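The values are calculated or read from the model by the stated rules, or taken from the named source; none is laboratory data. Just so it is clear, the structure is predicted and the values come from calculations on it, not from any experiment. All Cβ positions, even for glycine, are placed from backbone atoms using ideal geometry, and neighbour counts span all protein chains on display.
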Amino acid sequence: MRRAFKFSLGVVVLFAAFAIVLLMATIYTYDRLTGETLIAELRFDATGDRQYVAHLRTGDRCEDRAFPLYGDQWRIDAEFLKWKYWALLLGLDSQYRLDRLEGRYRSVADQNSQRNVAHALSERTAVDVVALAESLGSWNFLLDATYGSSTYQDIDVDDVYYVYRTTTGIITRHERRPVEPAGGAPFNVTIDGGCSDPSMWQRFTEWTDDGVVAALDLVER
């Protein structure tokens with residue numbers, strides 16, 4: 001009887017530890033929300049009439065991703081998480097992550113009739129923190145509030161756009177795009193910090209999350 005109890009307790013502990021790892025893996029897809037910080041940089045190249053390629057750099061801006069966009073404007077969305085008071089006392093800051101990039105037309109009629117495309121910027125995770133909190137109802141011990149924030153600007157290929165996150169949402173500033181060097185010389189890109197590798201704990205949690213997501217994909221097929 002005692003052996004069975006110890007075995008059952010061990011299973012519960014292992015399951016709880018695994019659940020915590022999955023939760024941490026999802027939280028790692030969000031970034032801490034502390035003051036105003038540059039989180040994204042956008043440049044555009046025209047490919048046709050109201051058609052563009054958006055060059056997006058996020059985080060430490062070491063990697064450039066290209067996305068086709070249609071319209072007169074661009075818009076980027078972010079998801080914000082505000083934790084319960086007890087979690088803040090434990091040092092779990094409010095967090096955010098970029099969610100979507102898409103084109104936008106000034107005219108509502110064009111928005112409803114012209115070609116458009118949206119691009120997901122956040123990856124699928126094994127644990128949906130928002131859905132989990134909602135399913136717990138009054139037993140929700142994680143989140144105090146969740147909300148979205150968006151910013152948009154007219155597209156000008158001669159401008160470079162900077163997206164900043166504040167303690168309440170995201171905002172945009174822009175300046176004239178630097179002149180590209182002639183003769184195929186390399187283009188200088190400002191990087192605020194080094195392109196460092198994630199910590200061992202973060203790599204472990206993300207590896208676990210990726211494994212669970214892959215397993216769920218196999219089950220759904």
(request) Look through the stretch 128-151, keep the residues that are modelled with pLDDT of 85 or more and surrounded by fewer than 16 Cβ atoms within 10 Å (Cβ to Cβ), and return whichever of them is farthest from residue 51 (Cα to Cα). (result) 148
(message) Take the conditions of a type in the set (Gly, Ala, Ser) and modelled with pLDDT of 75 or more and apply them to residue 46. Does it pass?
(response) yes
(request) Scan the stretch 70-125 residue by residue and report those that are at pLDDT 85 or above, farther than 20 Å from residue 149 by Cα and buried (at least 19 other Cβ atoms within 10 Å of the Cβ). (result) 70, 71
(message) Of the conditions (1) modelled with pLDDT under 95; (2) under 26 Å from residue 74 (Cα atoms); (3) not aliphatic (A, V, I, L, M), residue 156 satisfies every one except a single condition; which number is it?
(response) (1)
